[in-house]
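Notes follow once the structure below has been shown.
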Amino acid sequence: MTKRNTIQRQLVIAAVRFLADHPTAEEVYDRITMEYPDISKGTVYRNLNSLVESGLLGKVFVPSGADRFDHILTRHYHIKCTHCGMFMNVEDMDYIEGLDEKVGEVTGFKMEDHDIVFNGVCPECQKLEAKEKN
């Protein structure tokens, strides 16, 4: 059964694309309510999850943080700054094919998927730290 292409679904997809930095559900909601203040948080959250289930958006599970949504559907890795919270794609790094199968062989798990989020300090925060030390 195909989902109807409602205005709410279109607004959610547009917001995720506009907020190209892997927004949280709350950030998507905040963006949409700037122009459509009457939309409910439940509608936004429901549509985000429906779009992920339909394969039209990606969802990045972030340990100890809010899940993020992604409009880029090809497999890739992400990195998060542990200081400022910036979240972005790891550019110019090939996706490691077969990693799920290797982990499955070692653990005995029937693998479904994986999300890898690297954590570190971004260049801007490194500069700020260096200034504070001087």
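Length gain on complete extension for the stretch Lys41 to Val90, per 0.36 nm per residue less the alpha carbon to alpha carbon distance?
14.6 nm
Shape class for the chain: oblate, because the ratio a/c of the largest to smallest gyration tensor axis (alpha-carbon atoms, square roots of eigenvalues) is 1.5 or more and b/c is at least a/b.
Here the sum of -39500 (n - 2.57) over DSSP H runs of 4 or more residues, divided by the residues of the chain, equals -12500 deg cm²/dmol at 222 nm, to the nearest 500. Among the listed pairs Lys80/Lys133; Lys41/Lys127; Lys41/Lys110; Lys59/Lys131; Lys59/Lys127; Lys41/Lys80, which are separated by more than 29 Å between their Cα atoms? As for pairs spanning more than 29 Å Cα to Cα, those are Lys41/Lys127; Lys41/Lys110; Lys59/Lys131; Lys59/Lys127. Fully extending the segment from Ser54 to Tyr77 would add 6.2 nm, taking 0.36 nm per residue of separation and subtracting the current Cα-Cα distance. Beta bridges per DSSP, both residues in the chain: antiparallel share near 65 percent.
Per residue, the solvent-accessible area of the chain (1.4 Å probe, heavy atoms of protein chains only, all protein chains present) comes to 69 Å². Of the solvent-accessible surface of the chain, computed with a 1.4 Å probe and all protein chains present, 54% belongs to carbon and sulfur.
The values are calculated or read from the model by the stated rules, or taken from the named source; none is laboratory data. Keep in mind that this is a model prediction, so the values were computed, not measured. For the accessible areas, the whole protein counts, side chains as well, though only heavy atoms, and no ligand, DNA or RNA atoms are used. Shrake-Rupley method; radii C 1.70, N 1.55, O 1.52, S 1.80 Å.
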